[in-house]
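The values are calculated or read from the model by the stated rules, or taken from the named source; none is laboratory data. As the structure is a computational prediction, the values presented were derived from the model and not from experiment. FYI the Cβ positions are ideal-geometry reconstructions off the backbone, even for glycines, and counts take in every protein chain you see. SASA here: full protein model, heavy atoms, side chains in, ligands and nucleic acids out. Shrake-Rupley method; radii C 1.70, N 1.55, O 1.52, S 1.80 Å.
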Amino acid sequence: MKIIGGRYKGLTIDTSKNLSYRPTQSRIRKSIFDIITPFTYSSVLDLYSGSGILGFESASRGADSITFVEINSDSIKMLKSNESKFEGVEFFMVRKKAFYFIKSIENKYDLIFADPPYDKLDYTVLMSMCIEKLSKNGKLILEMSNNNLSFTNSIERKYGDTKIVIYTKQWKE
């Protein structure tokens, strides 16, 4: 799998057919990053990281720190192996269930990716929890199965069996 933009464009991210993740397709990644351009996100949280491609793509585009949250220890090993390909970016690997991680942190993030196993959890609860952890004008990108769920104040794009929900936290003064 290759990075599609930024200073590491073309860099290969190692993956494994023995792991059960579902990496975000390159055409969907391109669309996501086109929508959130210009890329001005310093701190990125990649929940249900799997291959980590969304976090690594963010690192290529200028993020200062990426936190990967993944429960599978083999995926964490692969993430650690790939992090060595990047310079000047702080990477944090957390082996924990995403819900437990979100509940336990005080940090705010500029950009949160959530790509959970399709239809295995309550997307509304996940959205709500993630929105609380967004910084001012932060964005949440949720990847899910193409279903009938809709979220107010968000952009939705459909790509075959996949739906991307993009939510921007509006700052209320």
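Considering only residues that are aliphatic (A, V, I, L, M) and farther than 19 Å from M127 by Cα, look in the stretch 36-63 and name the one that is surrounded by the most Cβ atoms within 10 Å (Cβ to Cβ).
Here is the first cut: in the stretch 36-63, the ones aliphatic (A, V, I, L, M) are 36, 44-45, 47, 53-54, 59, 63.
From what is left, the residues that are farther than 19 Å from M127 by Cα are 53, 59, 63.
On the way: I53: 25, A59: 29, A63: 23.
Ranking the candidates gives A59 first.
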**Request:** Taking S43 as the residue in question, decide whether it is modelled with pLDDT of 95 or more and either out of contact with any Leu (no Cβ under 7 Å at 6 or more places or on another chain) or farther than 23 Å from K163 by Cβ (or both).
**Result:** yes
**Request:** Among the residues of the stretch 2-56, write down those that are assigned to a helix (DSSP H, G or I), more than 19 Å from T67 (Cα to Cα) and among the basic types (K, R).
**Result:** R27, K30
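Which residues, taken from the stretch 49-98, are basic (K, R) and out of contact with any Gly (no Cβ under 6 Å at 6 or more places or on another chain)?
If we filter the stretch 49-98 for residues that are basic (K, R), which is where we start, we get 61, 77, 80, 85, 95-97.
Correct list: K77, K80, K85, R95, K96, K97.
Which residue, of G62, G50, is touching a Phe, Trp or Tyr at 6+ places or on another chain (Cβ under 7 Å) and closer than 19 Å to V165 by Cβ? If you could, list the steps in order and put the result at the bottom.
Details: G62 fails: closer than 19 Å to V165 by Cβ.
The match here is G50.
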**First in the stretch 131-150 and without any contact (Cβ under 8 Å) to a residue 12 or more places away in the chain, second anywhere and assigned to a strand (DSSP E or B), Cβ under 6 Å, 6 or more apart** = none
**Message:** With the requirement that a residue be open to solvent by less than 40 Å² (accessible area, probe 1.4 Å) and closer than 18 Å to S75 by Cβ, what does the stretch 4-28 give you?
**Reply:** I13, S16, L19, T24
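If you scan the stretch 132-152, which residues turn out to be open to solvent by 40 Å² or more (accessible area, probe 1.4 Å) and within 25 Å of T67 (Cβ to Cβ)? Break it down stepwise before answering.
Pass one, the stretch 132-152, residues open to solvent by 40 Å² or more (accessible area, probe 1.4 Å): 132, 136-137, 146, 148-150, 152.
Correct list: E132, K136, N137.
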**Of residues in the stretch 89-125 being open to solvent by 70 Å² or more (accessible area, probe 1.4 Å) and either among the aromatic types (F, W, Y) or part of a strand (DSSP E or B) (or both), the one nearest to T67 (Cα to Cα)** = F92
**Asked** in contact with a Leu (Cβ under 6 Å, 6 or more places away or on another chain), part of a helix (DSSP H, G or I) and open to solvent by less than 10 Å² (accessible area, probe 1.4 Å) - does that describe any residue in the stretch 65-85?
**Response** yes
**Asked** Does the stretch 106-119 include one or more residues that are over 17 Å from L45 (Cβ atoms) and charged (D, E, K, R)?
**Response** yes
